[in-house]
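Novice: Attaching a single structure in structure tokens format; questions to follow.
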Amino acid sequence: MDGTLPPQGGRRVGGWRGGLRHHPDFLKLWVGETISLLGSQVTLLALPLTAILTLHANAAQMGYLTAAETAPSLLVGLVAGAWIDRLRRRPIMIGVNLGRFALLLSIPLLAVSGRLSMHVLYPIAFLVGTLMVWFNVAYQAFFPSLVGREHLIEGNTRLEVSASGAQIAGPGLAGLLVGLVTAPLAIAADAASFLASALCLVAIRTPEPSPIAREPAGSVWRDVVEGLRAVLGNPVLRAIAGGTGTLNFFGAAADALVVLYLSRQLGLGPVLLGVIFAAGNVGFLAGALLSGWLPGRIGLGPTIVWSLPIGGFGALLVPLAGGPLLPVVGLLVLGRVLVGFGGAIYNVHQVSLRQRITPDRLQGRMNASMWVLVWGTLPLGGLLGGALGGTLGLRATLALLAVGQMLAVLWVWRSPVRRLREHPAPIDDGTIEPAIP
């Protein structure tokens, strides 16, 4: 493959006037992902509130829940990547979304029947997390073949804008739904969003390139090793993996406690929590909108490097919040704005860089290896957060974890990433020749 879109009506992706706005199959993917991202924001608040308000979970149980959601990243990611490079990616994405629809719908059904408990919630969270790994690895491998390498930054920016919009509207919607119908029933909205996303994927008509034929089972582990070597043997990909893994480890530990801290220690209700998260998430939108502009001004590498400590400083403002309600809300919103601003810029450019420099035949395995290395830290972080929260207290733990998030910048600062002015050429032999002035 040469990285361009297969012909549609005699035109290739480079011929789409106005870029991806006029690419019908990208628009279908974009609409489906936007709906799904909005639904996922509802569950992001409604699931922990289901545990806290409906099932009366403590700090340790919240850590277990975070670990259950994120453990599949560590357990199944590498094998998923090996198989995804052997199969067509779009059918996998459709089947996974239908599976997530069924699993999430079971939560409100169990709650209504009085059979929902933490012991039931853990395996549901684990299975949803497993399907999330398969979807995201397949999606990141499918995306370059749909839009072409020359449109990766444009496509990822548009999807990050959608994610930002969902992060602005979703928490408010979640808080409203939780207040109206209870937290478990609010999760039905996320279930419906995955069904809508699956239908949008079914409507895509762009031919997907055939996967490269491989030996049935004996070479799966060789494929896994090749994917790991592509990441760990490359200084740019290795630095991104280390930085993102560090960020996610401490971020997951904080995420296990933050809703508990805000609701119990600061006494904020579901509606106000939704408003704070929604207002703070304006930072995601600002970061997404500026992400395409910054590299042209300061270079690709500095854009990636300096986006990391901004988010860490924002996380530090959360445990500093205290006193009268108005200053507390203001500080929490500012913290969320900074986390979102730095996170959106970092995500657009580190994902685009990974996709741009990796050959098509390795996209699935590279993304799976990266997924394990950066998301496999989440269950460990969740367990750490639950343990520290129960011993040091919620406020002190969140402050310590915010400092840990800021340390992620050291990985990319000490690597060739810092000196990149633009995207390097694709990997040929496991090395990159960065465009360093």
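The values are calculated or read from the model by the stated rules, or taken from the named source; none is laboratory data. These numbers were taken from a predicted model, which means no experiment stands behind them. Note that each Cβ is placed from the backbone with ideal geometry, even for glycine, and that neighbours are counted across all protein chains shown.
Novice: Scan the range 47-65 residue by residue and report those that are part of a helix (DSSP H, G or I) and closer than 12 Å to ALA387 by Cα. Full working, then the answer.
Specialist: Taking the range 47-65 and keeping what is part of a helix (DSSP H, G or I), we get 47-54, 59-65.
Selection gives ALA59, ALA60, GLN61, MET62, GLY63, TYR64.
Novice: Answer yes if at least one residue in the range 308-323 is over 26 Å from LEU159 (Cβ atoms), out of contact with any helix residue (DSSP H, G or I) (no Cβ under 8 Å at 6 or more places or on another chain) and modelled with pLDDT under 85, and no otherwise. Quick ask: steps written out before the conclusion?
Specialist: Step one: of the range 308-323, the residues over 26 Å from LEU159 (Cβ atoms) are 316-323.
The next check asks that each one be out of contact with any helix residue (DSSP H, G or I) (no Cβ under 8 Å at 6 or more places or on another chain); those that pass are 323.
Retained after the next criterion (residues that are modelled with pLDDT under 85): 323.
Yes, the range 308-323 contains a residue that is over 26 Å from LEU159 (Cβ atoms), out of contact with any helix residue (DSSP H, G or I) (no Cβ under 8 Å at 6 or more places or on another chain) and modelled with pLDDT under 85.
Novice: A follow-up question, please. Could you say whether any residue in the range 366-374 is of a type in the set (A, V, I, L, M, F, W, C), out of contact with any strand residue (DSSP E or B) (no Cβ under 7 Å at 6 or more places or on another chain), over 24 Å from ASP223 (Cβ atoms) and surrounded by fewer than 24 Cβ atoms within 10 Å (Cβ to Cβ)? It would help to see each step written out before you state the result.
Specialist: First, the residues of the range 366-374 that are of a type in the set (A, V, I, L, M, F, W, C): 366, 368, 370-374.
Now narrow it down to the ones that are out of contact with any strand residue (DSSP E or B) (no Cβ under 7 Å at 6 or more places or on another chain): 366, 368, 370-374.
Then keep just the ones that are over 24 Å from ASP223 (Cβ atoms); that gives none.
No, the conditions are met nowhere in the range 366-374.
Novice: Only residues that are within 19 Å of LEU232 (Cβ to Cβ) and more than 23 Å from the chain's Cα centre (by Cα): list them for the range 363-417, please.
Specialist: ARG414, SER415, PRO416
Novice: If we keep just the residues of the range 118-145 that are among the small types (Gly, Ala, Ser) and within 16 Å of VAL79 (Cα to Cα), which is surrounded by the most Cβ atoms within 10 Å (Cβ to Cβ)? Talk me through it step by step, then tell me what you get.
Specialist: First, pick out the residues of the range 118-145 that are among the small types (Gly, Ala, Ser): 125, 129, 138, 141, 145.
After this cut, where a residue has to be within 16 Å of VAL79 (Cα to Cα) as well, the list is 129, 138, 141.
Values: GLY129: 23, ALA138: 29, ALA141: 26.
Filtering the range 118-145 for residues that are among the small types (Gly, Ala, Ser) and within 16 Å of VAL79 (Cα to Cα), the one surrounded by the most Cβ atoms within 10 Å (Cβ to Cβ) comes out as ALA138.
Matching residues to (1) modelled with pLDDT under 85; (2) touching a Leu at 6+ places or on another chain (Cβ under 9 Å); (3) exposed (fewer than 14 other Cβ atoms within 10 Å of the Cβ):
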position: THR4; (1), (2), (3): yes, no, no
position: VAL13; (1), (2), (3): yes, yes, no
position: ALA46; (1), (2), (3): no, yes, no
position: LEU53; (1), (2), (3): no, no, no
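Novice: Tell me which helices (runs of 4 or more DSSP H) are completely within the range 185-304 and hold 3 or more residues being crowded, with 21+ Cβ neighbours inside 10 Å and touching a residue at least 24 places away in the same chain (Cβ under 8 Å), or say none if there are none.
Specialist: On the way: elements: 188-202, 220-232, 235-260, 270-280, 282-291, 294-298.
Result: 188-202, 220-232, 235-260, 270-280, 282-291.
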